[in-house]
Amino acid sequence: MMARFMSAAWMKQGPMLGILASFAIVPLVSQDPYALGVWTFLLLNILVVVGLDLLLGYAGQLSLGHGIFVAIGAYASGLLTTKAGFSGWAAMPVGMLAAALLAAIVAVPTLRLRGYYLAMATLGFPVMFDAAIRVTSQWSGGSSGIISIPRLKVGSYILRDPLVYYYLVLGVVAVVLLVVWNLANSRLGLKLRAIHADETAASARGINVTSLKVMVFVASATIAALSGSLYVHNVQFVAPDTFGLNYSLTLVIMLVVGGMGRIWGGILGVVLLGWMPELLREAATWQPVIFGSILAIIMLFAPSGLAGFVRRRSFFSPEEAPAGRPSVSSDKPVLAVRDIGKAFGGVQAVKGLSFDVCAGEIKSIIGPNGAGKSTALALISGAIAADSGTIKLGGHSVGQRPAYHRARLGLGRTFQHARLIPTLTVYENMMLGASVLGGRCEAEASRILHQINLEHVAHAFPGETNQYERKLIEIGTALAASPALLLLDEPGAGLSSAEIEQLASLLREQKEKGCAIVLVDHIMSLVIPLSDSILVLNSGSPIMDGTPAKVIADADVRRAYLGERSDVHA
Ligand SMILES: Nc1ncnc2c1ncn2[C@@H]1O[C@H](COP(=O)(O)OP(=O)(O)OP(=O)(O)O)[C@@H](O)[C@H]1O
């Protein structure tokens, strides 16, 4: 048992410890103070790029002015130590706090929106920072910068030896890297990858997308400020030119070349591109050409960066599946929808829709194409807001609540076109689904994988599975959250009759366990035998709600919908 634990721990920490060990032996190869200075500078850039990777590679948010957070750390240390009598150690957290504050101020309005708003907001940072330094030149030193910044001290010992400073910086980098590495390979990393791939799907899995994006941006800005502070106490000088737009873009390029979303990719990018100017010093005029050519070649032949050549390895593996949960049932409605409506411009997609679904009940919604079925599910799940009406989940009014909040209250859903996270393995997708429960989601993920018979594709990525498996995986990710209510949008589409039969038995099992299900589908051989009741929508409005027998016998329904189809009989 102990040996298994040790090998699992080594498997998880091993790669990062290996990288850190390589940096630890650098001084054994050369103790040339200049070379050590370059390596120290690279380590400081690794700090920034690794923080940027969390933001860009994991959460998919681009910051084009990230160098400014380094500048804030550098200037806070420079100013507070030269003008306010702070020690370097005391100035450091002030710079980090200032960077975190600025990041939060920028992030809260921009990261609520999807798209490149953060990139646009941060693009102006270098120019604004430069202007701010020049306007406040009396105390900030203007374009001449600040000189004679004191070195860090431990007691009366001044950290001026390049070798000592290298190991100090390496120690800080080691702590940050191990923390970031463990975060990236934890549930948080899965959530960030989910946000990157599909914010709507992430919200449906109970993830508060905005707050997570803000948190990561603030954390990466704080790490960047720490780097800036350590930098100025080494070079003892700071000027605004160091942190221009070029620097911020170079950070992004290092990450892109090395490979985003891997941590070690960013480190590789910094080392490769960081050493290049040194190696090409003789051909200084050719440097931009060579730099640009390398970037173009990487973008053409390895758009995922150098790390993209290595298949991502998951640190999560299915465990022994625990026993299933006991069944629950109650007559209280799990879902109560009253008079909801939604218009898209002139199109009234849903109008006057009301119904209840109790625990252990399957309610199907059918209707012709464009009848408003998917819109109804989107309104119930919170993917879009209703114009009118009320929605109650387990007695809680959720009409104004975002999708992630409804997911946390026990609403699971699938989409008309399966929305899995392509960058996560099947098992990790299950874990993401289960993560809304808190606690150890590995066990729940394993249980569902076993239940839907997909253990053989646990380590595959969704793109490597077939259509039926993808449908099951998406239902599985919803089931992993132990939903009280499950919304299914056309789960039967494109499946063979044998697959539909298997799907029906999986849904029957969920019903028996007390799950309330709302099923939207055109496949009557799935809908009719499975449903307790069927609601028929036509042009957004309900025209009938009753037992399957009553619905298929209704003349209006047959005219509006069923009469057009040949597979009506169960
Ligand atoms: N985001 C949107 N913007 C504008 N119109 C929309 C949007 N979503 C849906 N609609 C319109 O609302 C109406 C209902 O669409 P919805 O997708 O809900 O129908 P449906 O019953 O699910 O159809 P199908 O069976 O083809 O999936 C359609 O006229 C559709 O064009």
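Quick notes on this one:
- Highest mean first, the peptides 363-371, 342-350 sorted by other C-beta atoms within 10 Å per residue fall in the order 363-371, 342-350.
- Taking the DSSP bridge list for the chain and keeping only pairs wholly inside it, about 60 percent are antiparallel.
- Cβ-based net charge around Leu377, under 9 Å, with every Lys or Arg adding one and every Asp or Glu removing one: +1
- Taking a Cβ cut-off of under 13 Å around Val426, the surrounding Lys, Arg, Asp and Glu residues balance to a net charge of -3, with basic ones at +1 and acidic ones at -1.
- In Hz, Karplus ³J(HN,Hα) per residue of segment 414-419 (6.51, -1.76, 1.60; θ = phi - 60°; x = Gly, Pro): 10, 10, 4, 10, 2, 10
- Counting only residues at least eight positions apart within a chain, or on another chain, the lysines with an alpha carbon under 27 Å from that of Lys373 are Lys332, Lys342, Lys351, Lys363, Lys392, Lys471, Lys511, Lys513, Lys550.
- Segment Trp89-Phe309, length gained on full extension (0.36 nm per residue, minus Cα span): 75.1 nm
- Mean ellipticity per residue at 222 nm, deg cm²/dmol - from DSSP H runs of n ≥ 4 across the chain, formula -39500 (n - 2.57): -17000 deg cm²/dmol
- Residues with amide H under 5 Å from that of Cys358, placed H, sequence gap 5 or more: Val334
- Amide proton proximity set for Val350, modelled H, under 5 Å, gap of 5+: Lys342
- By the count of other C-beta atoms within 10 Å, a proxy for reagent exposure, Lys511, Lys373 are ordered fewest to most as Lys511, Lys373.
- Taking label points 7 Å from Cα along the Cα-to-Cβ direction, Met120 and Ser186 give a separation of 3.5 nm.
- Positive-end residue of His417, Met524, Ser211, charge dipole of the chain with Cβ unit charges: Ser211
- Residues whose placed amide H lies under 5 Å from that of Ile543, excluding near-sequence neighbours: Val536, Leu537, Asn538
- Residue order, fewest to most beta carbons within 10 Å, for Cys441, Cys515: Cys441, Cys515
- Cut-off 14 Å between beta-carbons: net charge of the residues surrounding Lys392, Lys and Arg +1, Asp and Glu -1: +2
- Computed over the chain, the percent of Cα pairs more than 45 Å apart is 30.
- Computed over segment 13-309: relative contact order in percent, which uses C-alpha pairs under 8 Å that are six or more apart: 33 percent
- Multiplying the residue separation of Asp556 and Ser143 by 0.36 nm and removing their Cα-Cα distance gives an extension gain of 140.8 nm.
- Helix screen, the chain: DSSP H segments with Cα axial length of 27 Å or more and mean Kyte-Doolittle hydropathy at least -0.5 are 2-24, 33-53, 88-110, 162-184, 209-235.
- The slack in the chain from Thr285 to Phe301, taken as 0.36 nm per residue of separation less the alpha-carbon distance, amounts to 3.2 nm.
- By other beta-carbon atoms within 10 Å, ranking Arg281, Arg447 with the fewest at the front produces Arg281, Arg447.
- Ranked by how many other beta carbons lie within 10 Å on average, peptides 227-235, 143-151 from highest: 227-235, 143-151
- Sequence-separation-based contact order of the chain, relative, with Cα cut under 8 Å and 6+ spacing, percent: 16 percent
- The alpha carbon centroids of segment 167-195 and segment 476-512 are separated by 37 Å.
- Remark: the chain carries a charge dipole of roughly 980 debye about the Cα centre, counting +1 on each Lys and Arg Cβ and -1 on each Asp and Glu Cβ.
- Three-way shape label, segment 13-309, alpha-carbon gyration tensor, a/c 1.5: rounded
- Taking label points 7 Å from Cα along the Cα-to-Cβ direction, Ala385 and Leu17 give a separation of 5.1 nm.
Read-outs throughout are calculated quantities, based only on the coordinates presented, and are distinct from any laboratory measurement. Bear in mind that the values here come from a model prediction, so they are computed numbers and not experimental data. Positions of Cβ are generated from backbone atoms using ideal geometry, with glycine treated the same way; all protein chains shown enter the neighbour counts.
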